[in-house]
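**Student:** Questions regarding the structure given below will be posed in turn.
The values are calculated or read from the model by the stated rules, or taken from the named source; none is laboratory data. Nothing here was measured: the structure is a model prediction, and the numbers come from that model. Cβ sites come from the backbone with ideal geometry, for glycine too, and all protein chains shown count toward neighbours. Surface accessibility is based on the protein's heavy atoms, side chains included, excluding ligands, DNA and RNA. Shrake-Rupley method; radii C 1.70, N 1.55, O 1.52, S 1.80 Å.
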Amino acid sequence: MFRTAGTTRSPRAGAVASPGEDAARFEVIDLEMKRHRFRQDALIEVLHVAQEAFGLLRDDVLLHIARGLELPPSRVFGVATFYHLFTFAPRGEHSCTVCTGTACFVKGAERLLAIVEELTGGRAGETTPDGRFSLATTRCTGSCGLAPLAIFDGEVVGHLSEEEVARRVGGWTGHGSE
Amino acid sequence: MAAFEPVLTRNFAVENSQSLKVYEGRGGYQAAKKALTTMSPDELVQLVKDSELRGRGGAGFPTGLKWSFLPKDRAETFMCVNGDESEPATFNNRYLLERDPHQMIEGIIISCFATRASTAYLYNRFEYIAATRVMERAIAEARAAGYLGKNIFGSGFDLEIYVHRGAGAYICGEETGLIESLEGKRGWPRIKPPFPAVEGAFRKPTVVNNIETLCCVPHIVERGADWFKSIGTPKSYGPKLYTISGHVNKQVCVELPLGVTTRQLIEEHAGGVWKGRKAKAAVPGGISMGLLSADELDVPLDFEEIRKTGCLGLGTAAVTVIDDQTPIMDVLYNTCRFFAHESCGQCTPCREGTTWFYKTMKRIKAGGGRLEDLDVMEQLAKNLGITPGTTICGLADGAAWPIKNAMTKFRPELEEYIRSHQQADKKPTALQEAIFRGVSPSLFDSSLPEPSEPLPGPTAPGHNPRVSPGT
């Protein structure tokens, strides 16, 4: 909960895709760096693009960016670990992010999170060992009119009830839907 | 109060309000034309100064004054538009971006002309994906129509707006943190002075303004400073977007003149407190501004009055209502967790202090709380932030303020919470006990036995040197 996915380095972050796919992704990053004329202040934008291409930030990707922008690797790693958006562990098949901003919290976000954690067997800020679910909490998403809300696989769902959460997560786990 | 005609939100209800055509049809870009063709930059700065427009981002600093801090002989100026709206429960800037992007652009054009900035950066939260998309489309439209680019309105003034996405850090809402982030670094606030007006983005003079502030500028140009000052309360002029969330029936964003009370917001706009309950407390403008007790709901929410209640300020005018069934301790716990997570880690008092708050709250919630915890937290809260001068930016003040407020306004409730949640098996560890007693951790002997006597009651004499130094 207090830890974020971004601060834990998973050993699995090493090898994922085949070399061919990787080359195409590196090309995307190169294009983006070129678009910014290799300006060092474009680092965050490049990291955004890298994460979109790879789904996570791997060590070799960060080193590639460091070389491209002529920045020390420490700077690239420092920036990538500072911002909560960037992640170093692969995301699970399904993701659920519960908002714990003030408005959602007073409307019972804690209880919703507990339900999600119980149903998936995972913990907030982590991906379950079988790689099926990524759970996270977020600070305010700026949609407090919808409180309490959660993001299920990228879909923002507001005015959540405990039953609704159980139904949605139950649909993923395969039991609870019938 | 006479019926208030919406200013900033006037286009919200119009269909397709994001398009240039609709905005132009409703008188859009006329103010920019007037400013660029008939006024000089200095006249514009003077006009905004006269209108006494105050920054809507939180601190309430007069905008015209900020602009006049720019050095006279500058070669290049940057404008940064702060759309990193991260304060929990705030969403008014998102509405302005998503529903009326051209008003935003017009505000940027006029403000950049006034400050002679030819590059503007719009720093958006990455969470605001829709808003970023709407803005990018609107900027492209405006450029195609000649409102951006070279020689706008034939005045010889050039302007480009770039949208920059953040990556999820609360601290980037602080102006120098935002600038650092814009330069592709960690969002660590800079030591001031030099202020951004002298040395900001890329070491050049920079103005950082909130979205809502800049949205007010076209209306001031169009209707004049006197009109602007006819809205609101003394020293807090103009319209303001209030957001109401939490335990109310309708969680909405409404535009009202500055100076409405929390009770008016709850009763007239939010449909009352939910489930027929009563409000116990309210957050006046984002949690870092502190807490209002139930007796203070009639205090006007403007830049001046709200400070008399002990709150830090108006903040972002994001009102969160807390009903009488929610323990204040739980609210504080969530707040502390937020700030402990979001502290950037640059200044020790903030990095350690916010985490200390969080750990203490966690222990209290788990049943290991002691009444002295409140004293320790209060003392900690007093020594944290810009106000006592121990940190670079105001994040630590924001973290400490709700605790300071809660200690003065809700102390009996907090004490009752600790007492009723205490569990015998969740006693503090020997180390914690030693710290309570003022034993220096370096002198602490790990073989010290677990304390066996019961936790002292509320009347226990305070001999804790950490709490009352020098006694």
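**Student:** Here are some conditions: (1) touching a helix residue (DSSP H, G or I) at 6+ places or on another chain (Cβ under 7 Å); (2) on the phi > 0 side of the Ramachandran plot; (3) open to solvent by less than 20 Å² (accessible area, probe 1.4 Å). Residue B:286 meets all but one. Which one does it not meet?
**Tutor:** (1)
**Student:** Being within 14 Å of chain A (Cβ to nearest Cβ), under 29 Å from residue A:102 (Cβ atoms) and either outside any loop (DSSP other than H, G, I, E, B) or touching a residue at least 60 places away in the same chain (Cβ under 8 Å) (or both) is true for just one of B:136, B:98. Which residue is that?
**Tutor:** B:98
**Student:** Moving on. If you scan segment A:91-111, which residues turn out to be away from chain B (no Cβ under 12 Å), open to solvent by 10 Å² or more (accessible area, probe 1.4 Å) and in contact with a helix residue (DSSP H, G or I) (Cβ under 6 Å, 6 or more places away or on another chain)?
**Tutor:** Here is the first cut: in segment A:91-111, the ones away from chain B (no Cβ under 12 Å) are A:91-96, A:98.
Those left that are additionally open to solvent by 10 Å² or more (accessible area, probe 1.4 Å): A:91-95.
Once the filter is applied, which keeps residues that are away from chain B (no Cβ under 12 Å), open to solvent by 10 Å² or more (accessible area, probe 1.4 Å) and in contact with a helix residue (DSSP H, G or I) (Cβ under 6 Å, 6 or more places away or on another chain), segment A:91-111 yields only A:94.
**Student:** While we're on this one: Residue B:178 passes all but one of (1) touching an Asp or Glu at 6+ places or on another chain (Cβ under 7 Å); (2) more than 11 Å from chain A (Cβ to nearest Cβ); (3) open to solvent by 10 Å² or more (accessible area, probe 1.4 Å); which number fails?
**Tutor:** (3)
**Student:** Can you find a residue in segment B:312-329 that is in contact with a helix residue (DSSP H, G or I) (Cβ under 9 Å, 6 or more places away or on another chain), within 12 Å of chain A (Cβ to nearest Cβ) and under 26 Å from residue B:425 (Cβ atoms)?
**Tutor:** Within segment B:312-329, one or more residues are in contact with a helix residue (DSSP H, G or I) (Cβ under 9 Å, 6 or more places away or on another chain), within 12 Å of chain A (Cβ to nearest Cβ) and under 26 Å from residue B:425 (Cβ atoms).
**Student:** Now a separate question. Need pairs with beta-carbon distance below 8 Å; first residue within 7 Å of chain A (Cβ to nearest Cβ) and open to solvent by less than 10 Å² (accessible area, probe 1.4 Å) and within segment B:161-175, second small (Gly, Ala, Ser) and part of a helix (DSSP H, G or I); sequence gap 6+ or separate chains.
**Tutor:** Correct list of pairs: B:167/B:181; B:169/B:177; B:169/B:181.
**Student:** Among (1) touching a Phe, Trp or Tyr at 6+ places or on another chain (Cβ under 8 Å); (2) open to solvent by 10 Å² or more (accessible area, probe 1.4 Å), there is one condition residue B:122 misses while meeting the rest; what is its number?
**Tutor:** Here residue B:122 clears every test but (2).
**Student:** Next question. Given (1) touching a His at 6+ places or on another chain (Cβ under 9 Å); (2) of a type outside the set (Ser, Thr, Tyr); (3) open to solvent by less than 10 Å² (accessible area, probe 1.4 Å); (4) assigned to a loop (DSSP other than H, G, I, E, B), where does residue B:250 come up short, assuming only one miss?
**Tutor:** Of (1) touching a His at 6+ places or on another chain (Cβ under 9 Å); (2) of a type outside the set (Ser, Thr, Tyr); (3) open to solvent by less than 10 Å² (accessible area, probe 1.4 Å); (4) assigned to a loop (DSSP other than H, G, I, E, B), only one is false for residue B:250: (3).
**Student:** Across segment B:183-221, what is the number of residues that are surrounded by 18 or more Cβ atoms within 10 Å (Cβ to Cβ) and touching a Gly at 6+ places or on another chain (Cβ under 9 Å)?
**Tutor:** 21
**Student:** Restricting to segment A:153-171, name every residue that is touching a residue at least 40 places away in the same chain (Cβ under 8 Å) and surrounded by fewer than 21 Cβ atoms within 10 Å (Cβ to Cβ).
**Tutor:** Those that are touching a residue at least 40 places away in the same chain (Cβ under 8 Å) and surrounded by fewer than 21 Cβ atoms within 10 Å (Cβ to Cβ): A:153, A:154, A:162, A:166, A:170.
**Student:** Turning to a different aspect of this structure: Keeping to segment B:136-155, report how many residues are among the polar types (S, T, N, Q) and either surrounded by 13 or more Cβ atoms within 10 Å (Cβ to Cβ) or within 22 Å of residue B:83 (Cβ to Cβ) (or both).
**Tutor:** The qualifying residues number 1.
**Student:** Also: Determine if segment B:255-277 includes at least one residue that is closer than 25 Å to residue B:217 by Cα, surrounded by fewer than 19 Cβ atoms within 10 Å (Cβ to Cβ), away from chain A (no Cβ under 14 Å) and without any contact (Cβ under 8 Å) to a residue 24 or more places away in the chain.
**Tutor:** No, that holds for no residue.
**Student:** Oh, and also: Kindly evaluate residue A:143 against the criterion of being touching a strand residue (DSSP E or B) at 6+ places or on another chain (Cβ under 8 Å), closer than 30 Å to residue B:269 by Cβ and surrounded by 13 or more Cβ atoms within 10 Å (Cβ to Cβ).
**Tutor:** So residue A:143 fits the description; yes.
**Student:** Restricting to segment B:65-83, name every residue that is of a type outside the set (A, V, I, L, M) and touching a residue at least 40 places away in the same chain (Cβ under 8 Å).
**Tutor:** If the condition is that a residue be of a type outside the set (A, V, I, L, M) and touching a residue at least 40 places away in the same chain (Cβ under 8 Å), then B:66, B:67, B:69, B:71, B:74, B:76, B:77, B:78, B:80, B:82, B:83 are the ones that fit.
**Student:** Would a scan of segment B:38-54 turn up a residue that is open to solvent by less than 50 Å² (accessible area, probe 1.4 Å) and either within 19 Å of the chain's Cα centre (by Cα) or closer than 30 Å to residue B:168 by Cβ (or both)? Full working, then the answer.
**Tutor:** Of segment B:38-54, the ones open to solvent by less than 50 Å² (accessible area, probe 1.4 Å) are B:39-41, B:44-45, B:47-48, B:51, B:53-54.
Among the residues that remain, those that are also either within 19 Å of the chain's Cα centre (by Cα) or closer than 30 Å to residue B:168 by Cβ (or both) are: B:53-54.
Scanning segment B:38-54 turns up at least one residue that is open to solvent by less than 50 Å² (accessible area, probe 1.4 Å) and either within 19 Å of the chain's Cα centre (by Cα) or closer than 30 Å to residue B:168 by Cβ (or both).
**Student:** Pairs please, first residue from segment A:36-54 and of a type in the set (Asp, Glu), second anywhere and buried (at least 18 other Cβ atoms within 10 Å of the Cβ) and assigned to a helix (DSSP H, G or I), Cβ atoms under 6 Å, 6+ apart in sequence or on different chains.
**Tutor:** Close Cβ pairs (under 6 Å, with a partner that is buried (at least 18 other Cβ atoms within 10 Å of the Cβ) and assigned to a helix (DSSP H, G or I)) do not exist here.
**Student:** Within segment A:46-90, restricting attention to residues that are charged (D, E, K, R) and in a helix (DSSP H, G or I), which residue is farthest from the other protein chains (Cβ to nearest Cβ)?
**Tutor:** A:60
**Student:** Checking the conditions here, which among B:313, B:272 is more than 22 Å from the chain's Cα centre (by Cα), on the phi > 0 side of the Ramachandran plot and either among the hydrophobic types (A, V, I, L, M, F, W, C) or not assigned by TED's automatic domain parsing to the domain that holds residue B:403 (or both)?
**Tutor:** Residue meeting the stated conditions: B:272.
**Student:** Residue check: is residue B:402 part of a helix (DSSP H, G or I) and surrounded by 24 or more Cβ atoms within 10 Å (Cβ to Cβ)?
**Tutor:** Yes: the conditions hold for residue B:402.
**Student:** Those residues that are within 14 Å of chain A (Cβ to nearest Cβ) and either of a type in the set (S, T, N, Q) or over 21 Å from residue B:390 (Cα atoms) (or both), I need them from segment B:344-358; list them, please.
**Tutor:** Scanning segment B:344-358 gives B:346, B:354, B:355.
**Student:** Specify which of the listed residues (A:84, A:64) is open to solvent by 30 Å² or more (accessible area, probe 1.4 Å) and either in contact (Cβ under 8 Å) with a residue 60 or more places away in the chain or touching a strand residue (DSSP E or B) at 6+ places or on another chain (Cβ under 6 Å) (or both).
**Tutor:** A:84
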